[in-house]
Amino acid sequence: MKAVRLHVYGKRPTVEEVADPKITGALDVIVRIGGAGLCRTDLHIIEGQWRDISRVQLPYTLGHENSGWVHAVGSAVDNVAVGDAVIVHPLITCGLCRNCRAGNDMHCARGVFPGIFGADGGMAGFLKTGARAVIKLAPGIRPQDVAAMADAGLSAIHPVKLAALAGFLYPGANVLVIGAGGLAHIGIQCLKALGAATVIAAARSDASLALARSSGADQTVKVDGTQVARIMELTGGAGCEVVFDFVAEGGALEWGYEVLRQAGTYYIIGYGGVVKVPAIDFVAKEINYNGSLVGTYNELAELMTLNAQGRVTLQTKTYPLEAVNDAIDDLDHGRLHGRGILIPSAA
């Protein structure tokens with residue numbers, strides 16, 4: 001099969017022939033890829049930002065947002081059958097550790113994250129995963145249309161669910177979404193589906209702000225140096241109960257916390273920057289910062305229900321697998337609004 005392989009950090013991946021994955025365990029599932037999402041994390045992996053975290057042996061196959069059709073299953077798999085259309089939770093989990101038994105799949109003590117650490121990813125003809133990772137798609141849903149839900153969508157719904165369960169998304173609350181791209185436009189839809197708060201979206205480009213409005217944002221603010229004053233004006237001077245930072249670099253962390261109200265909570269979903277907040281502000285304002293790592297299997301299943309209902313959808317642009325570097329260029333230079341999806345020629 002063809003696969004997108006990273007050989008050297010700092011250099012672009014190449015598309016080459018590799019061996020198809022094989023069933024080796026009773027709970028293995030091999031998925032024929034119908035779509036593999038391109039994530040900004042893939043750019044960070046290529047740049048080497050994940051080198052010390054993932055500790056993978058190069059070369060390896062990229063791709064952690066995957067959907068397709070079940071191609072083969074191990075002897076103990078009974079939740080899916082060959083031919084089923086599925087989306088793949090990004091982690092292969094053991095199901096036995098404390099975190100798995102608590103439902104926190106993304107913190108599995110023995111977890112493997114294909115495309116990031118432990119196994120080859122899905123920018124290829126086939127992906128090897130586990131029975132605990134696959135979720136059947138509703139009839140009529142095409143894998144290529146939802147592939148990025150496996151990480152972008154999951155990373156968006158997870159902090160929204162945390163905020164909803166904490167009671168932060170009540171009528172009259174103001175929440176800020178920083179960014180309006182591949183993750184954030186899903187986050188806005190999740191906020192409208194799961195909460196009653198007023199959603200303010202802030203982004204640098206007019207195209208991103210238009211995407212935010214079409215995704216359901218109640219107010220949009222351009223990040224042009226006046227955004228803090230504008231957001232404070234929109235919130236009557238009080239600030240926002242919650243900030244969802246889908247950027248967390250390029251200055252977003254520095255100004256984002258300025259609009260956080262007393263006892264507000266800041267969810268960091270993007271990364272690349274550094275949090276620098278005076279300790280007195282934590283105390284005097286009693287603010288909270290929370291990191292957010294992908295999400296749980298159940299959250300992905302719930303997201304796919306919202307998708308089947310038409311309440312949370314993806315804006316995508318498709319590319320042939322062989323055009324991966326064209327997709328990378330579009331993402332890296334801000335030409336890709338929404339999510340890029342790579343399609344293997346056999347899909």
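The values are calculated or read from the model by the stated rules, or taken from the named source; none is laboratory data. No experiment lies behind these values; they were computed from the predicted model shown. Cβ atoms come from the backbone with ideal geometry, glycine included; neighbour counts cover every protein chain shown. The protein model used for the area step is the full one, side chains on, heavy atoms only, and it has no ligands, DNA or RNA in it. Shrake-Rupley method; radii C 1.70, N 1.55, O 1.52, S 1.80 Å.
You will find that of D281, D245, the residue that is out of contact with any Cys (no Cβ under 7 Å at 6 or more places or on another chain) and either among the aliphatic types (A, V, I, L, M) or surrounded by fewer than 21 Cβ atoms within 10 Å (Cβ to Cβ) (or both) is D281 and no other.
The set of residues from the range 257-274 being open to solvent by 70 Å² or more (accessible area, probe 1.4 Å) and either within 24 Å of the chain's Cα centre (by Cα) or not polar (S, T, N, Q) (or both) comprises E258, R261, Y271, V274.
Within the range 1-59, if we keep just the residues that are under 19 Å from G130 (Cβ atoms) and of a type in the set (D, E), the residue that is nearest to the chain's Cα centre (by Cα) turns out to be D28.
Tell me yes or no: at least one residue of the range 272-279 is touching a strand residue (DSSP E or B) at 6+ places or on another chain (Cβ under 7 Å) and under 28 Å from D42 (Cβ atoms). Explain how you work it out, then say what you get.
Residues of the range 272-279 touching a strand residue (DSSP E or B) at 6+ places or on another chain (Cβ under 7 Å): 275.
Filter once more, keeping what is under 28 Å from D42 (Cβ atoms): 275.
For the range 272-279, residues touching a strand residue (DSSP E or B) at 6+ places or on another chain (Cβ under 7 Å) and under 28 Å from D42 (Cβ atoms): present.
The single residue among T318, T313 that is part of a strand (DSSP E or B) and either on the phi > 0 side of the Ramachandran plot or of a type in the set (S, T, N, Q) (or both) turns out to be T318. Among the residues of the range 286-295, those identified as out of contact with any helix residue (DSSP H, G or I) (no Cβ under 8 Å at 6 or more places or on another chain) and over 11 Å from Y257 (Cα atoms) are E286, G291. Entry remark, the range 140-154: residues being in a helix (DSSP H, G or I) and on the phi > 0 side of the Ramachandran plot number 0 in total. Quick one: in the range 275-310, which of the residues that are of a type in the set (V, I, T) and in a loop (DSSP other than H, G, I, E, B) is nearest to the chain's Cα centre (by Cα)? Across the range 275-310, the extreme among qualifying residues is V294. When we screen I92, I116, I141, I87 for residues that are modelled with pLDDT under 95, open to solvent by less than 60 Å² (accessible area, probe 1.4 Å) and of a type outside the set (D, E, K, R), the only hit is I116. Name every residue in the range 189-240 that is under 25 Å from L306 (Cβ atoms), of a type outside the set (A, V, I, L, M, F, W, C) and surrounded by fewer than 17 Cβ atoms within 10 Å (Cβ to Cβ), in order of residue number. Once the filter is applied, which keeps residues that are under 25 Å from L306 (Cβ atoms), of a type outside the set (A, V, I, L, M, F, W, C) and surrounded by fewer than 17 Cβ atoms within 10 Å (Cβ to Cβ), the range 189-240 yields R213, S214. Count of the range 284-338 residues, restricted to those that are without any contact (Cβ under 8 Å) to a residue 40 or more places away in the chain, surrounded by 16 or more Cβ atoms within 10 Å (Cβ to Cβ) and out of contact with any Asp or Glu (no Cβ under 9 Å at 6 or more places or on another chain), is 4.
Is there a residue in the range 155-166 that is assigned to a helix (DSSP H, G or I), out of contact with any helix residue (DSSP H, G or I) (no Cβ under 9 Å at 6 or more places or on another chain), open to solvent by 40 Å² or more (accessible area, probe 1.4 Å) and closer than 21 Å to G264 by Cα? Looking through the range 155-166, at least one residue is assigned to a helix (DSSP H, G or I), out of contact with any helix residue (DSSP H, G or I) (no Cβ under 9 Å at 6 or more places or on another chain), open to solvent by 40 Å² or more (accessible area, probe 1.4 Å) and closer than 21 Å to G264 by Cα.
Residue-by-condition table, conditions (1) in contact (Cβ under 8 Å) with a residue 40 or more places away in the chain; (2) more than 29 Å from E17 (Cβ to Cβ):
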{"position": "C100", "(1), (2)": "no, yes"}
{"position": "M106", "(1), (2)": "yes, yes"}
{"position": "A109", "(1), (2)": "no, yes"}
{"position": "F113", "(1), (2)": "yes, no"}
{"position": "G121", "(1), (2)": "yes, no"}
{"position": "A138", "(1), (2)": "yes, yes"}
{"position": "G153", "(1), (2)": "yes, yes"}
{"position": "I157", "(1), (2)": "yes, yes"}
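Out of the residues in the range 119-138 meeting the condition of being open to solvent by less than 10 Å² (accessible area, probe 1.4 Å) and part of a loop (DSSP other than H, G, I, E, B), tell me which one is nearest to L96 (Cα to Cα). Per the criteria, the residue is G121.
Could you check, for the range 5-20, whether at least one of its residues is on the phi > 0 side of the Ramachandran plot and either open to solvent by 30 Å² or more (accessible area, probe 1.4 Å) or touching a residue at least 24 places away in the same chain (Cβ under 8 Å) (or both)? So that I can check it myself, show each step before the final result.
Taking the range 5-20 and keeping what is on the phi > 0 side of the Ramachandran plot, we get 10.
With the extra rule that they be either open to solvent by 30 Å² or more (accessible area, probe 1.4 Å) or touching a residue at least 24 places away in the same chain (Cβ under 8 Å) (or both), the set shrinks to 10.
Yes, some residue in the range 5-20 is on the phi > 0 side of the Ramachandran plot and either open to solvent by 30 Å² or more (accessible area, probe 1.4 Å) or touching a residue at least 24 places away in the same chain (Cβ under 8 Å) (or both).
Whether a residue is charged (D, E, K, R) and open to solvent by 30 Å² or more (accessible area, probe 1.4 Å) was assessed, and D78 passes this test. The one condition from (1) closer than 28 Å to G310 by Cβ; (2) without any contact (Cβ under 8 Å) to a residue 60 or more places away in the chain; (3) of a type outside the set (V, I, T); (4) touching a Phe, Trp or Tyr at 6+ places or on another chain (Cβ under 8 Å) that A81 does not meet is (4).
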